[in-house]
Each structure stands twice: as C-alpha cells, then as structure tokens.
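Engineer: Before I ask anything, here is the structure I am working with.
What follows is calculated from the coordinates using simple rules that are stated; it is not laboratory data. Everything numeric in this text was worked out from a predicted model, so none of it was measured. All Cβ positions, even for glycine, are placed from backbone atoms using ideal geometry, and neighbour counts span all protein chains on display.
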Amino acid sequence: MRLLRYGPAGQERPGLLDADGILRDLSSFAPDITGEVLSPASLARLAALDPQGFPAVQGQPRLGAPVGNIGKFIAIGLNYADHAAESNLPLPTEPTVFTKATSCIVGPSDEVTIPRGSVKTDWEVELGFVVGTRASYVPRERALEHIAGYVLVNDVSERAFQIERGGTWDKGKGCDTFGPIGPWLVTRDEVGDAQQLGMWLDVNGQRRQTGSTGTMVFDCATILSYLSEFMTLMPGDVVTTGTPPGVGMGMKPEPVYLKVGDVMTLGIDKLGTQRQTLVAWKEAA
C-alpha cells in the first residue's frame, strides 16, 4: 500500500493511493496516518479492504509528510563509502547517529527555506524507514519485522552550521523545512528488498546524485537493531539512512551550495519523487 496525507499544512487528512493512481480518502478508517495506524494488525485490516470503498479525492491537493505526529526523526551519517570519502571523513565502524528536529518536517513539494545567515545549504537524497512496532534491543534478524514501510527523504543540511559551529551535527540538520518526507509511505511488503533501490537527485535539472541503497555501509536491519540498543523506537518514528555521493559540499574543484530560486528534484525507486524550490528566510508575520 501507498499511504499519504493530503491537504493544507497542519490540516492534513489520511489517504491511500490505489493501484490506478487514484487518491482515496481514509478518514473513515482512521483520523490520521500515525503510529497506531502503522501497526501490523492495523495495516492488515486496511489491506483487506477494497480501496474503491473509500471516496476518491478530486483535484491535486498538497501532500504533507505521509506520517503525522512523528515522535523521533533519527538520521544516520556517512553511510555510503564514497560519500564519506567526498566529505574527507573516515568510514565509521558503527553507525553515526544524529537527530533532525521534528519541526523541520514538511511535505514533498513544500518550499525549502535557506536559513538566516546560511551560506552552505546542501542537498541529500535518502531512504527513510518508518517504525511500525515498538523496538527495544531488537536482534538484527528480527529488525525488519519492526518496519512498517519506507519513505523518500531529503536530508537538507547547512554545512557551516553542521561542521563549523562546534558541537554536534544537529544544528545544521534541523532548520525549519529541512526535512521533506514523502510523497507517500510504501509498506514493507510492497517495497520488497529495500537494499536494491536506485536513487537520484537533480538541482535545476542537472544530475547531482546517483546511487543505490545496495551500497549502504549499514543496511536498514542493522540500523534499526543498532538504534534499539540506545533508545526505544516507537511506532511512527522515522529513521533516514544516509546519502550517496554527489552532495554540494563534495563537488570539485569547489563546493556548490543552494541559492534562492534553485529547484531540487529527487526520487527513489518505488517511493516516488519530490520537488522543492529554495526560498529566502523571512521573519514570521
């Protein structure tokens, strides 16, 4: 299944994209797509229903992040060997973990704001997974059972904030709008092997990143098992798993960063595409 949320920001409704590409409203099944809806029992009940029994949504409404009320947004850094190399950083012996603020989460086609004072805003296409059942001290061989599905993530980053301002990476990763997720959550059964998905990102129509989840240093099962040693993962939590080479920071002979008016388009096999325009920060009214 492909689950999504549609409507104005803050007023999203639950939806499903059927086999014919028709958006169906799921409000009669659940008030929102949250962790409770992503449990194995709930997904099984939904899968047993005829999608045509849900009303079709007319037009092309805005899509929000496909999961609401996300409790944790965890990220893995340097998880592709060539990306670590282009970042001039050693390959980690254990997953590099940081957090993205949940306040950075936006929909797949929402604008991305260049923060006040930013000079090094960058792009990162990533595979994300969404937790479906509580996970604590999970052995790797059981880890995938805890994943409800997979999502496309753009781990937008401000490199000066991340690297040059001291402390952890978090301050360069959680700026407002730095977490586009979606367009939809694809359930684990429909994705199949998540370690064999092609991925790409363009800036202004020019290809910047091309990769495959098959080259991840730590796969999704390893990541979930590892994280569950340090924190309990809850239904609806999102984990984004790292980016392949081709980020702006690693471009030669000089880095290239995003500017106002630039357009990012990105996608992962089976998980859809995103498109974001960069806008300048302005003080809230």
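Engineer: Charges on Cβ only, +1 for Lys and Arg, -1 for Asp and Glu, centred on the Cα centroid of the chain; of Gly272, Ala194, Thr121, which one is farthest towards the dipole's positive end?
Structural biologist: Most positive-ward Cα: Thr121.
Engineer: Once you have the alpha carbon radius of gyration of the chain, what is it after dividing by 2.2 N^0.38 Å, with N set to its residue count? Mind dumping the intermediate values first?
Structural biologist: On the way: Rg = 18.1 Å, N = 285, 2.2 N^0.38 = 18.8 Å.
My calculation over the Cα atoms of the chain gives 0.96.
Engineer: What's the extension gain from Asn204 to Leu144 if we count 0.36 nm per residue and subtract their Cα-Cα distance? Each step should come with its number before you reach the end.
Structural biologist: Values: separation 60, 0.36 × 60 = 21.60 nm, distance 3.60 nm.
In short, 18.0 nm is gained.
Engineer: Let me ask something additional. Residue-wise, which Karplus ³J(HN,Hα) couplings in Hz belong to the stretch 41-47, taking 6.51 cos²θ - 1.76 cosθ + 1.60, θ = phi - 60°, and x for glycine or proline?
Structural biologist: 5, 5, 5, 5, 5, 5, 5
Engineer: Ok, one more. Report, in deg cm²/dmol and to the nearest 500, the calculated mean residue ellipticity at 222 nm for the chain, where each DSSP H run with n ≥ 4 adds -39500 (n - 2.57) and the sum is divided by the residue count. Can you show the working numbers first?
Structural biologist: On the way: 4 runs with 26 residues, N = 285.
Computed ellipticity for the chain at 222 nm equals -2000 deg cm²/dmol.
Engineer: Jot down the radius of gyration and Dmax of the stretch 159-200, Cα atoms only, both in angstrom.
Structural biologist: Using the Cα atoms of the stretch 159-200, the pair Rg, Dmax is 15.6, 42 Å.
Engineer: Can you figure out the FRET efficiency of Ser136 with Ala30, using R₀ = 25 Å and their beta-carbon distance, to the nearest 0.05? It would help to have the intermediate numbers written out before the result.
Structural biologist: On the way: r = 25 Å, r/R0 = 1.01.
Calculated value: 0.50.
Engineer: Still on this structure, please answer the following. Averaged across orientations, what area in nm² does the convex hull of the alpha carbons in the stretch 123-265 project?
Structural biologist: On the way: hull surface 37.6 nm².
Projected area, direction-averaged: 9.4 nm².
Engineer: For the stretch 1-79, state the semi-axes of the equivalent ellipsoid (square roots of 5 times the eigenvalues of the alpha-carbon gyration tensor), sorted largest first and rounded to whole angstrom. Mind showing how you got there, number by number?
Structural biologist: Numbers: eigenvalues 98, 53, 30 Å².
Working through the eigenvalues yields semi-axes of 22, 16, 12 Å.
Engineer: May I ask you to derive the FRET efficiency for Arg275 and Asp176 from their Cβ-Cβ distance with R0 = 22 Å, giving the value to the nearest 0.05? Please list the in-between numbers first.
Structural biologist: Working: r = 19 Å, r/R0 = 0.84.
The calculated FRET efficiency here is 0.75.
Engineer: A 29 angstrom limit on the alpha carbon distance is what I want to check against. Which of Lys173/Lys282; Lys120/Lys270; Lys252/Lys282 exceed it? Walk me through the numbers on the way to the answer.
Structural biologist: On the way: Lys173/Lys282 19 Å; Lys120/Lys270 31 Å; Lys252/Lys282 31 Å.
Result: Lys120/Lys270; Lys252/Lys282 exceed 29 Å.
Engineer: Give me P(r) over the stretch 44-94, computed from all C-alpha to C-alpha distances, binned every 5 Å, as integer percentages.
Structural biologist: In order of increasing distance, the bins hold 4, 12, 11, 11, 12, 11, 11, 9, 10, 8, 2 percent.
Engineer: If you don't mind, another one. Run through the stretch 187-285 and list the chymotrypsin sites (Phe, Trp or Tyr not before Pro) located in a DSSP loop whose Cβ has at most 13 other Cβ atoms within 10 Å. Could the numbers behind the result be given before it?
Structural biologist: Values: sites: Trp200, Phe218, Tyr226, Phe230, Tyr257, Trp281; in loops: Phe218, Phe230, Tyr257, Trp281.
Of the chymotrypsin sites (Phe, Trp or Tyr not before Pro), the ones in loops of the stretch 187-285 whose Cβ has at most 13 other Cβ atoms within 10 Å are Phe230.
Engineer: For the stretch 132-208, what does the equivalent ellipsoid look like in terms of its semi-axes, each the square root of 5 times an eigenvalue of the Cα gyration tensor, given largest first in whole Å? Don't jump to the answer; show the numbers that get you there.
Structural biologist: Numbers: eigenvalues 158, 81, 26 Å².
Output for the stretch 132-208: semi-axes of 28, 20, 11 Å.
Engineer: Oh, and also: Give me the distance between the Cα centres of the stretch 13-30 and the stretch 248-271, rounded to whole Å.
Structural biologist: Taking the Cα centre of the stretch 248-271 as reference, the centre of the stretch 13-30 is 32 Å away.
Engineer: Once the convex hull of the C-alpha atoms of the stretch 175-242 is built, how many Å³ does it hold per residue, rounded to a whole number? If you can, show how the numbers build up before the last one.
Structural biologist: Details: hull volume 9.8 nm³, N = 68.
Once divided by residue count, the hull of the stretch 175-242 is 145 Å³.
Engineer: Continuing with the same structure: Divide the volume of the convex hull of the Cα atoms of the stretch 195-285 by its number of residues and quote the answer in cubic angstrom per residue. Mind dumping the intermediate values first?
Structural biologist: Numbers: hull volume 16.2 nm³, N = 91.
Normalising the Cα hull of the stretch 195-285 by residue number yields 178 Å³.
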